[in-house]
Amino acid sequence: MQQKPSGSLSPTATVEQQVDGNQGQVIGQMTGGQVISVREGGYFVAGNVIYQNSRLDVTPSLSPRRELPSLLPYLANRVDQEFELGKTFQTFLKQNPLCPLVCIIHGDESQSHDKFLERLQKLTLPRLLKLDPRQTKIKEYPLNWSPGTESLDNLTERLCKSLADTVLGNSFASLEEINRTFCKYPDPIIVHTHLLTEDWQNDPNVLNQLLEFWQNWPPLILGQQLIICIFIKYQIKRSQRKGFSLNMFFTCLRTFFKRNHYRRLNTLICKRVEAISFSSGSQLNRLSLIVLPQLSSISRTHVENWARSEETKQFVGEAMVGRLMDEIGNMFDTWEEQTASNIIPMDDLADHLMKLLNSLVMGGVQ
């Protein structure tokens, strides 16, 4: 073995170690918290140390960590919503004259509405429209609702300005100018608005007013596909138990009354949403309208079906599916013990599945 003279090394100094006479010896170095092992054939450079041998090879002892696809934990269930969308698109694609498709998506605030929008954009709509996701990007634009509005008299003007600013960067553009911009894009476009329970307190007709805005949208051109998603998020004010104090008592009391108020308001909103497709058909004759089944919490059966899906198998590996099933069973048993419910809201479910998937994958490579 040969080594350069000892002494302090400069930051750029290099240490060489010949290991020709040490057949079978494994030379290693810790770098960045990762152990590197050296086997037969080649050389390896790590930092300022070079291990070299014509009969030695270099192989990292750890595989790179796989990145969890952001949508994967959110793909359990939503089959009812996709089924209804599939039926609607069979007629939507054949309509004459063309008109915007309005999808009303509603559910409580724990059901991951934004991830459902991402699922529509990246998975559901490309599949229903037979688009190649590698060559197609469905654009999405938010049409933001202004909270605290006391009057809806000038709603059309405010919505137009909001959308014009988002699409064109010019809040004074007209609906016709916005639509001409949409026409230049060859693929479908999603415009989405999000409403909370509290947005209905000033006027219970907020949804009708929003639909009227789209009823007056300029005519679409041949091949144009404009999809409007109206998300309604029911606020439920889940209680947070953090011990007891006098201040906490009054906080809990306020929360109790607010939760009851929201519960009554949510019931009213839900009835209006479910009735709108029947009562407004003649008034909204320039729209295709669908109210999707309410987003609800997820059962164990649906999560186990998700675990058997190709997307999940590709991430964890087919050999890990059995272990994944066991962990899903444990997860639901624990949830039922803590909440007395055998279904899990999508927000909570996705958090649990993220941790579970990452632990299985990291455990599988170590």
_Residue among Leu155, Leu159, Leu120 that alone is in contact with a helix residue (DSSP H, G or I) (Cβ under 9 Å, 6 or more places away or on another chain), in the same structural domain as Gln235 (by TED's automatic domain parsing), farther than 19 Å from Trp217 by Cβ and in contact (Cβ under 8 Å) with a residue 40 or more places away in the chain_ = Leu120
*asked:* Among (1) modelled with pLDDT of 95 or more; (2) farther than 23 Å from Arg272 by Cα, there is one condition Phe89 misses while meeting the rest; what is its number?
replied: (1)
*asked:* Taking the condition of being closer than 18 Å to Ala307 by Cα, basic (Lys, Arg) and over 15 Å from the mean Cα position of the chain (by Cα), how many residues in segment 65-89 meet it?
replied: 1
_Filter result for Gln235 (under 23 Å from Leu123 (Cα atoms), in the same structural domain as Arg134 (by TED's automatic domain parsing) and of a type outside the set (A, V, I, L, M))_ = no
*Among the residues of segment 205-250 satisfying the criterion of being among the basic types (Lys, Arg) and modelled with pLDDT under 90, which is surrounded by the fewest Cβ atoms within 10 Å (Cβ to Cβ)?*
Arg241
*Evaluate segment 276-298: report whether one residue or more is under 29 Å from Lys233 (Cβ atoms), basic (Lys, Arg), in contact (Cβ under 8 Å) with a residue 12 or more places away in the chain and part of a loop (DSSP other than H, G, I, E, B).*
yes
*Could you tell me whether any residue of segment 331-349 is outside the structural domain of Phe116 (by TED's automatic domain parsing), small (Gly, Ala, Ser) and not in a helix (DSSP H, G or I)?*
yes
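Condition check ((1) at pLDDT 95 or above; (2) surrounded by 15 or more Cβ atoms within 10 Å (Cβ to Cβ); (3) under 23 Å from Asn208 (Cβ atoms)) across all residues:
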| residue | (1), (2), (3) |
| --- | --- |
| Leu93 | no, no, no |
| Ile105 | yes, yes, yes |
| Ser110 | yes, yes, no |
| Arg127 | no, no, no |
*asked:* Quick check on segment 168-186. Is at least one of its residues closer than 30 Å to Tyr262 by Cβ and either surrounded by 14 or more Cβ atoms within 10 Å (Cβ to Cβ) or out of contact with any Cys (no Cβ under 7 Å at 6 or more places or on another chain) (or both)?
replied: no
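The values are calculated or read from the model by the stated rules, or taken from the named source; none is laboratory data. Values in this document were obtained by computation on a predicted structure and should not be read as measured data. Because the Cβ atoms are built from the backbone with ideal geometry, glycine has one as well, and the counts that use them run over all protein chains shown.
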